[in-house]
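Q: Here it is: the structure, laid out below.
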């Protein structure tokens, strides 16, 4: 099976090949380097006039992309590390996301900003964060996160081709080398998978042939790998069956598939790699509690600390399979 990185590279190649409006901009994305994580490898050789390297100025990069989008192009920007999205906040939040309303629906800014997020690589406090929560809930801005179940190529191409909204496309670093999963085969042979409609789907997974589930685990991106491993251990070691609700779109919030699962289980556990306080899971929990006040809710996220370089400290700070199991067992009591 292809890896997530290979599918993302294919999506960019196919978008450039089939749509002359698509441009790719970023720092150090030209061959032979091909980007810090090699997602753009080979593209500048094939499309030298539309794959453009830029100076080290993230704000200027997104400002240029905003202007291109206003003129009818579909620019895709790569921010080398997700930690640097703080430098594009003004261009993305106060410009790209607002222009359609500021100019009375006469313009659109369909820029796509791709960036690797997350830790577990020993890169330390300023290259390991998951900062996507800073961009959630911004009117006019969509935030997507690929995973190993839904095809990242389909997700990225749908993001590039849409004409309505700027999109922040969050790629966890550890996903790049992960092989794609196929429902009913390999690592998913024990799971029944359903998918919501639309270009940015939500997946619901339950262990087969479990008759009923005791807890719903909501997550996105790489943490699906941890949640899946934890759910299998809960089933085989504790005879507790979980459903996993896996989101591709993490903002705006569309939680109907989660509510459907939660009505069956009455227990919710959210899992994310951003820091615990005021995170994605907090809003998911709040909306879930409003719909099902009787539900028991728990959260697993990173500690409210910078991500350390040392592997032992990094592991202690970030979510883990063990922490998910521990919290699930507490909710089951």
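Q: Of 270, 18, 126, which is the most mobile in a GNM of the chain whose springs link Cα atoms less than 10 angstrom apart?
A: 18
Q: Which FRET efficiency, nearest 0.05, do residue 294 and residue 315 yield, Cβ-Cβ r, R0 30 Å? Write out the running numbers ahead of the final one.
A: Details: r = 35 Å, r/R0 = 1.16.
Efficiency, from the Cβ-Cβ distance: 0.30.
Q: Please list 136-144, 315-323 highest first by mean number of surrounding beta-carbon atoms within 10 Å per residue.
A: Numbers: 136-144: 19.1, 315-323: 17.1.
Highest-to-lowest ranking by the protection proxy: 136-144, 315-323.
Q: Sticking with this structure for a sec: Tell me, how many Å apart are the Cα centres for segment 78-109 and for segment 141-194?
A: 23 Å
Q: At what distance in nm do the modelled label points of residue 304 and residue 33 sit from each other, each positioned 7 Å from its Cα along Cα→Cβ?
A: Those two pseudo-labels are separated by 3.8 nm.
Q: Given segment 138-212, what percent of its DSSP beta bridges are antiparallel, to the nearest 5? Show your work: numbers first, answer last.
A: Details: 5 of 8 bridges.
Restricted to segment 138-212, the bridges split so that about 60 percent are antiparallel.
Q: Roughly how many nanometres apart are two label points built 7 Å out from the Cα toward the Cβ at residue 107 and residue 20?
A: 2.4 nm
Q: With a ≥ b ≥ c taken as the square roots of the eigenvalues of the C-alpha gyration tensor of segment 67-187, please select rounded if a/c is under 1.5 and otherwise prolate if a/b is larger than b/c or oblate if it is not? Present the calculation step by step, with values, prior to reporting the outcome.
A: Details: a/c = 2.52, a/b = 1.45, b/c = 1.73.
Oblate shape, in that a/c is at least 1.5 and b/c is the bigger or equal ratio.
Q: For the pair residue 330 and residue 185, how long in nm is the line joining their label points, each one 7 Å along Cα→Cβ?
A: About 4.0 nm, to one decimal.
Q: Given a 10 angstrom Cα cut-off, can you work out which residue in 162, 197, 13 is the most mobile in a GNM of the chain?
A: Evaluated over the chain, the most mobile residue of the options is 197.
Q: Using a 10 angstrom cutoff on alpha carbons, build the Gaussian network for the chain and name the most mobile of 302, 218, 158.
A: Result for the chain, Cα springs under 10 Å: 158 fluctuates most.
Q: Something else: State the antiparallel share, in %, of DSSP beta bridges confined to the chain, rounding to the nearest 5. Walk me through the numbers before you get to the answer.
A: Working: 13 of 48 bridges.
Taking every DSSP beta bridge with both residues in the chain, the antiparallel ones total about 25 percent.
Q: Using 0.36 nm per residue, how much length does the chain from residue 199 to residue 236 gain when fully extended, once their Cα-Cα distance is taken away?
A: 9.9 nm
Q: Count the DSSP beta bridges whose two residues both fall in segment 186-332, then state the antiparallel fraction as a percent rounded to the nearest 5. Please report the intermediate quantities before stating the final value.
A: On the way: 10 of 25 bridges.
DSSP beta bridges in segment 186-332 are roughly 40 percent antiparallel.
Taken together, the values in this text are just the output of simple stated rules run on the coordinates, not laboratory data. Note that the structure is predicted; figures quoted are calculated from it, not measured. Cβ sites come from the backbone with ideal geometry, for glycine too, and all protein chains shown count toward neighbours.
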